[in-house]
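Just below is one structure, and these are the notes that go with it.
The values are calculated or read from the model by the stated rules, or taken from the named source; none is laboratory data. What you see is a predicted model, and the numbers here were worked out from it, not measured in a lab. Here the Cβ positions follow ideal geometry from the backbone for every residue, glycine too, while neighbour counts run over all protein chains shown. In case anyone asks, the SASA skips ligands and DNA or RNA and just uses the protein heavy atoms, side chains included. Shrake-Rupley method; radii C 1.70, N 1.55, O 1.52, S 1.80 Å.
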Amino acid sequence: MPTAVLTDRERAAVQAYLRLLHTVRAAFDGPPDPRRPPVVPTAALAEVDRALAAAGLMGTEEEFFRLLGDWCPP
């Protein structure tokens with residue numbers, strides 16, 4: 001299996017995405033409560049946006065998910 005060698009910025013984007021994924025999972029963990037809908041902090045979304053932009057990956061979802069899959073296989 002080939003190993004992806006990411007740039008520092010690509011690695012930062014992948015790590016920010018994984019942190020966002022864990023945040024979203026935590027927000028939706030547990031039984032639904034209509035009085036308190038799940039909330040994802042805007043800071044987590046902004047971090048991913050900044051990291052993707054710095055890596056030149058904004059609007060290139062296919063490339064980003066290829067990097068993600070190469071670096072963090074299922």
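Each row is one residue, and each column tells you yes or no for (1) assigned to a loop (DSSP other than H, G, I, E, B); (2) open to solvent by 100 Å² or more (accessible area, probe 1.4 Å).
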position: Val24; (1), (2): no, no
position: Pro31; (1), (2): yes, yes
position: Pro34; (1), (2): yes, yes
position: Pro38; (1), (2): yes, no
position: Ala44; (1), (2): no, no
position: Ala51; (1), (2): no, no
position: Gly56; (1), (2): yes, no
position: Gly59; (1), (2): yes, no
position: Leu68; (1), (2): no, no
Could you count how many residues in the stretch 8-38 are touching a helix residue (DSSP H, G or I) at 6+ places or on another chain (Cβ under 6 Å) and β-branched (Val, Ile, Thr)? 2
Could you give every pair whose Cβ atoms fall below 7 Å, whose first residue belongs to the stretch 48-67 and is at pLDDT 85 or above, and whose second residue is open to solvent by 60 Å² or more (accessible area, probe 1.4 Å) and assigned to a helix (DSSP H, G or I), counting only separations of at least 6 or pairs across chains? Ala54/Arg9; Ala55/Arg9; Leu57/Glu63
I need every pair where a residue in the stretch 15-36 that is modelled with pLDDT of 85 or more has its Cβ under 9 Å from the Cβ of a residue that is small (Gly, Ala, Ser) and surrounded by 13 or more Cβ atoms within 10 Å (Cβ to Cβ), sequence separation at least 6 or different chains. Gln15/Ala51; Ala16/Ala44; Ala16/Ala51; Tyr17/Ala51; Arg19/Ala44; Leu20/Ala44; Thr23/Ala44; Val24/Ala44
With criteria (1) closer than 15 Å to Cys72 by Cα; (2) under 14 Å from the mean Cα position of the chain (by Cα); (3) of a type outside the set (Asp, Glu), Leu6 comes up short on (2)
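In the stretch 1-22, what residues are among the acidic types (Asp, Glu) and crowded, with 17+ Cβ neighbours inside 10 Å?
Glu10 - this is the single residue of the stretch 1-22 that is among the acidic types (Asp, Glu) and crowded, with 17+ Cβ neighbours inside 10 Å.
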